1. Which peptide among 234-240, 105-111 comes first, and what is the full order, when sorted by highest mean count of other Cβ atoms within 10 Å?
2. How far apart, in nm, are the 7 Å Cα→Cβ label points at ARG140 and ARG119?
3. Between ASN301 and GLU147, what's the calculated FRET efficiency when r is the beta-carbon distance and R0 is 41 Å? Round to 0.05.
4. If you place +1 on the Cβ of every Lys and Arg, -1 on the Cβ of every Asp and Glu, and leave all else neutral, what size is the dipole of region 97-178 about its Cα centre, to the nearest 20 Debye?
5. Which order do the peptides 205-213, 185-193 come out in when sorted by mean C-beta neighbours inside 10 angstrom, highest first?
6. Quick one: which residues, 5 or more positions from VAL250 or on another chain, have an amide H under 5 Å from its amide H? H modelled 1.01 Å from N in the peptide plane, none for Pro or chain starts.
7. Placing +1 at every Lys and Arg Cβ and -1 at every Asp and Glu Cβ, with all other atoms neutral, what dipole size does region 201-247 have around its Cα centre, in debye to the nearest 20?
8. Rounded, prolate or oblate: which one fits region 202-278, using the alpha carbon gyration tensor with axes a ≥ b ≥ c (rounded when a/c is under 1.5, else prolate when a/b beats b/c, else oblate)?
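Taken together, the values in this text are just the output of simple stated rules run on the coordinates, not laboratory data. All of these numbers come straight from a predicted model, not from anything done at the bench. In this analysis, Cβ positions are derived from the backbone assuming ideal geometry, glycine residues included, and neighbour counts consider all displayed protein chains.
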Amino acid sequence: MKTNNNGNTKLILLHPFIQKQGNPNRLWLIVFMSVFALASLLTLVYTRESFHTTTTTHITATINHQHQSLPKSVVKALVHYAANANSTDHMSQTDMKQISDVLKQCTSPCNFLVFGLTRETLLWNALNHHGRTVFIDENRYYAAYMEEKYPEIEAYDVQYTTKISELNELVTSVREQARNECRPVQNLLFSDCKIGLNDLPNQLYELDWDVILVDGPRGYWPEGPGSISAIFTASVLARSKKGGNPKTHVFVHNYNREVEKVSSEEFLCKENLVKSSKDLLAHFVVESVTAESGTNQFCHNHPTTS
């Protein structure tokens with residue numbers, strides 16, 4: 001660089017020196033970085049897919065593990081001790097085993113609806129391992145007591161408006177309304193059928209019940225509610241299923257009594273009776289029916305009420 005000072009004028013001459021040299025290592029560096037970037041990208045993709053597969057497998061294994069039923073030895077022990085409890089008003093061991101056998105075969109998770117809070121309440125809740133068991137009882141205070149004492153119990157109270165002394169009149173009224181309010185296939189939440197239970201929590205009408213046990217309400221006197229509403233409701237819930245297994249197992253305890261027998265034969269039907277034990281338990285299997293089929297009869301042949 002040269003500087004020429006002449007008066008106030010300054011001249012600066014720049015002689016830039018541009019060195020152009022070829023660098024043989026530069027090309028190899030670019031190739032190396034490209035290969036490294038590609039390898040890193042492939043590693044990232046593989047890691048993500050591997051993590052996703054591992055996570056999915058773990059979740060699936062966890063779900064399958066949770067859906068496993070109780071070991072047979074545990075089921076036998078539970079039924080044994082429940083049957084031999086120091087109480088006279090419990091179900092027989094033979095009848096308990098019938099229900100436990102069906103619960104064991106139920107597709108997990110199993111939806112089990114029980115009418116009546118009884119001596120077997122804790123047994124039913126335990127046997128339906130990882131399933132949902134819901135209890136319906138007419139005594140709001142007892143239902144609240146059970147839920148407070150046993151937080152794992154899901155119980156709701158309901159008001160029954162029927163009377164055992166009105167059995168024949170109630171059956172006749174249902175036959176007359178079989179095309180309207182007392183249809184075999186419907187959502188009872190929106191029904192005004194006299195013997196249908198429409199004040200349960202809304203969500204219960206949407207569930208596909210796999211097993212239903214009618215062992216309540218209590219009351220064996222003429223003014224007692226009897227189980228006609230529970231049996232009718234169980235029948236409609238079974239026929240109105242929208243998904244899951246099209247077959248619903250319905251058990252009716254105390255089948256030897258008139259109201260249970262008449263109501264079961266009227267709404268659950270003899271053609272659906274699988275077994276009736278000498279120990280008071282009747283086992284029905286009711287299949288779901290589509291509303292489009294136009295059926296307005298519960299049974300192929302109506303029994304004659306006495």
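1. On the way: 234-240: 25.0, 105-111: 16.7.
Taking the mean over residues of other Cβ atoms within 10 Å, the ranking is 234-240, 105-111.
2. That separation, rounded to one decimal, is 3.0 nm.
3. Working: r = 42 Å, r/R0 = 1.03.
The computed FRET efficiency comes out at 0.45.
4. Numbers: 8 positive and 12 negative charges, 57 e Å.
Around 280 debye, computed over region 97-178.
5. Values: 205-213: 20.4, 185-193: 16.7.
Peptide ranking by packing, descending: 205-213, 185-193.
6. Amide H neighbours of VAL250, under 5 Å, 5+ apart: ILE212, PHE284, VAL285, VAL286.
7. On the way: 5 positive and 5 negative charges, 36 e Å.
Computed about the Cα centre, the dipole is about 180 debye.
8. On the way: a/c = 2.32, a/b = 1.45, b/c = 1.60.
The shape class here is oblate.
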